[in-house]
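A.B. asks: Before I ask anything, let me first share the structure, which is written out below as structure tokens.
The values are calculated or read from the model by the stated rules, or taken from the named source; none is laboratory data. Keep in mind that this is a model prediction, so the values were computed, not measured. Heads up, the Cβs are rebuilt from the backbone with ideal geometry, glycines too, and the neighbour counts pull from every protein chain shown.
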Amino acid sequence: MFWYKKQHIKLFKTVLASLIISTVLFSSCSNAPDSSQNNSLQNKEYFDIKTYFKKEIEKLNEEKPLVKKTVLKDSEEETKDIEIKDWETELNAFLSVDLQKPVYSEQFSIKKEGNSEIYTTKDPKLDLQFIKITKENGQVSRIVIHKKVGNMLYKTTEKLEYKENGFYTIEKEQNIRILGTNNYVIKGSFE
């Protein structure tokens, strides 16, 4: 029976030592600053465009405004008065802009100009190049966004503009090295 107690005590000490070492290792890992939390804190100074457009989409889905929509593809143009059934799809280009993403942390200089905040990228390789948010009576009235993406094979520039209760515009130029350039403009005016 004595040998049982000796082995049992030895095993107990080994397990206890393992637990202590594991606890120390895991606690040191969990005490390391979480970069995603850091980034979200740093981005709090940036306007939350995605949340703004989610609220606008909810409002537009409820109100169901009639829209005079013009689509221009290269030199062909078509205009119709329509009721948009799916505002999330219609405004997806705006909804995809999210300054709260970690990649944008500390990547913009912000300048106040009158009742506008102007975000200009510090890194010309970022897709978001310019954002202007204009407020009237403390509420957002207009948002302008310039985006660009490119590599050796293609280059895309996009200009988005949204005026609350007024209009939205999506202008896109796509230059694909082998296929050439495509341009399109979508403009919706609220009636």
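A.B. asks: Going through segment 54-84 one residue at a time, which ones are touching a residue at least 60 places away in the same chain (Cβ under 8 Å) and either among the small types (Gly, Ala, Ser) or within 15 Å of PHE167 (Cβ to Cβ) (or both)?
C.D. replies: Applying the first criterion (touching a residue at least 60 places away in the same chain (Cβ under 8 Å)) to segment 54-84 yields 56, 65-74, 81, 84.
The answer is GLU56, PRO65, LEU66, VAL67, LYS68, LYS69, THR70, VAL71, LEU72, ASP81, ILE84.
A.B. asks: Can you tell which of ILE170, ILE131, ILE118 is touching a Leu at 6+ places or on another chain (Cβ under 6 Å) and not acidic (Asp, Glu)? Walk me through how you get there before you give the answer.
C.D. replies: Values: ILE131 fails: touching a Leu at 6+ places or on another chain (Cβ under 6 Å); ILE118 fails: touching a Leu at 6+ places or on another chain (Cβ under 6 Å).
Just one listed residue meets the conditions, ILE170.
A.B. asks: Quick one: is ILE118 closer than 22 Å to PHE167 by Cα, β-branched (Val, Ile, Thr) and surrounded by 14 or more Cβ atoms within 10 Å (Cβ to Cβ)?
C.D. replies: On the way: closer than 22 Å to PHE167 by Cα: yes; β-branched (Val, Ile, Thr): yes; surrounded by 14 or more Cβ atoms within 10 Å (Cβ to Cβ): yes.
The answer is yes for ILE118.
A.B. asks: What are the residues in segment 89-120 that are under 16 Å from the mean Cα position of the chain (by Cα), more than 21 Å from LYS172 (Cα to Cα) and part of a loop (DSSP other than H, G, I, E, B), if any? Break it down into steps so the answer makes sense when it comes.
C.D. replies: The initial filter retains those residues of segment 89-120 that are under 16 Å from the mean Cα position of the chain (by Cα), namely 89, 91-108, 119-120.
Remaining after also requiring more than 21 Å from LYS172 (Cα to Cα): 100-108.
Of everything in segment 89-120, those that are under 16 Å from the mean Cα position of the chain (by Cα), more than 21 Å from LYS172 (Cα to Cα) and part of a loop (DSSP other than H, G, I, E, B) turn out to be GLN100, LYS101, SER105, GLU106, GLN107.
A.B. asks: Something else: Any chance segment 153-160 includes a residue that's farther than 26 Å from ILE57 by Cα, out of contact with any Leu (no Cβ under 7 Å at 6 or more places or on another chain) and not in a loop (DSSP other than H, G, I, E, B)? Show your work before the answer.
C.D. replies: Our first condition is that a residue be farther than 26 Å from ILE57 by Cα; within segment 153-160, this holds for 153-155.
Add one more test, that the residue is out of contact with any Leu (no Cβ under 7 Å at 6 or more places or on another chain), and what stays is 153-155.
Keeping just the survivors that are not in a loop (DSSP other than H, G, I, E, B) gives 154-155.
Checked segment 153-160: at least one residue is farther than 26 Å from ILE57 by Cα, out of contact with any Leu (no Cβ under 7 Å at 6 or more places or on another chain) and not in a loop (DSSP other than H, G, I, E, B).
A.B. asks: Given the conditions (1) of a type in the set (Val, Ile, Thr); (2) within 27 Å of GLU62 (Cα to Cα); (3) part of a loop (DSSP other than H, G, I, E, B), report the number of the one that VAL185 does not fulfil.
C.D. replies: (3)
A.B. asks: Here is a follow-up. Can you spot a residue in segment 68-88 that is at pLDDT below 95, assigned to a loop (DSSP other than H, G, I, E, B), loosely packed, with under 13 Cβ neighbours inside 10 Å and polar (S, T, N, Q)?
C.D. replies: Checked against the condition, which is being at pLDDT below 95, assigned to a loop (DSSP other than H, G, I, E, B), loosely packed, with under 13 Cβ neighbours inside 10 Å and polar (S, T, N, Q), segment 68-88 yields at least one hit.
A.B. asks: Would you pick out the residues in segment 56-67 that are under 12 Å from PHE94 (Cβ atoms) and out of contact with any helix residue (DSSP H, G or I) (no Cβ under 6 Å at 6 or more places or on another chain)? Working first, answer last.
C.D. replies: As a first pass, look at segment 56-67 and keep what is under 12 Å from PHE94 (Cβ atoms): 56-57, 60.
Selection gives GLU56 alone.
A.B. asks: Pick from ASP123, ASP127: which is of a type in the set (Asp, Glu), over 22 Å from GLU56 (Cβ atoms) and within 21 Å of the chain's Cα centre (by Cα)? It would help to see each step written out before you state the result.
C.D. replies: Details: ASP127 fails: over 22 Å from GLU56 (Cβ atoms).
Within the list ASP123, ASP127, the selection yields ASP123.
A.B. asks: Could you please let me know if VAL140 is more than 24 Å from THR70 (Cα to Cα), crowded, with 16+ Cβ neighbours inside 10 Å and not basic (Lys, Arg)? Steps first, please.
C.D. replies: Numbers: more than 24 Å from THR70 (Cα to Cα): yes; crowded, with 16+ Cβ neighbours inside 10 Å: yes; not basic (Lys, Arg): yes.
Yes, satisfied.
A.B. asks: Which of the following residues is modelled with pLDDT under 95 and either within 25 Å of VAL71 (Cβ to Cβ) or basic (Lys, Arg) (or both): GLY150, GLY114?
C.D. replies: Numbers: GLY114 fails: either within 25 Å of VAL71 (Cβ to Cβ) or basic (Lys, Arg) (or both).
After ruling out the rest, the residue left standing is GLY150.
A.B. asks: Hey, could you check segment 174-189 for residues that are out of contact with any Asp or Glu (no Cβ under 7 Å at 6 or more places or on another chain) and at pLDDT 95 or above and say which is farthest from LEU72 (Cα to Cα)?
C.D. replies: Filtering segment 174-189 down to residues out of contact with any Asp or Glu (no Cβ under 7 Å at 6 or more places or on another chain) leaves 174-180, 184, 186-189.
Those still in the list that are at pLDDT 95 or above too: 186-189.
On the way: ILE186: 6, LYS187: 9, GLY188: 12, SER189: 14 Å.
Going through the qualifying residues, I end up with SER189.
A.B. asks: Among the candidates VAL149, VAL140, VAL144, single out the residue that is over 17 Å from the mean Cα position of the chain (by Cα) and assigned to a strand (DSSP E or B).
C.D. replies: Working: VAL149 fails: over 17 Å from the mean Cα position of the chain (by Cα); VAL144 fails: over 17 Å from the mean Cα position of the chain (by Cα).
Being over 17 Å from the mean Cα position of the chain (by Cα) and assigned to a strand (DSSP E or B) holds for just one of VAL149, VAL140, VAL144, which is VAL140.
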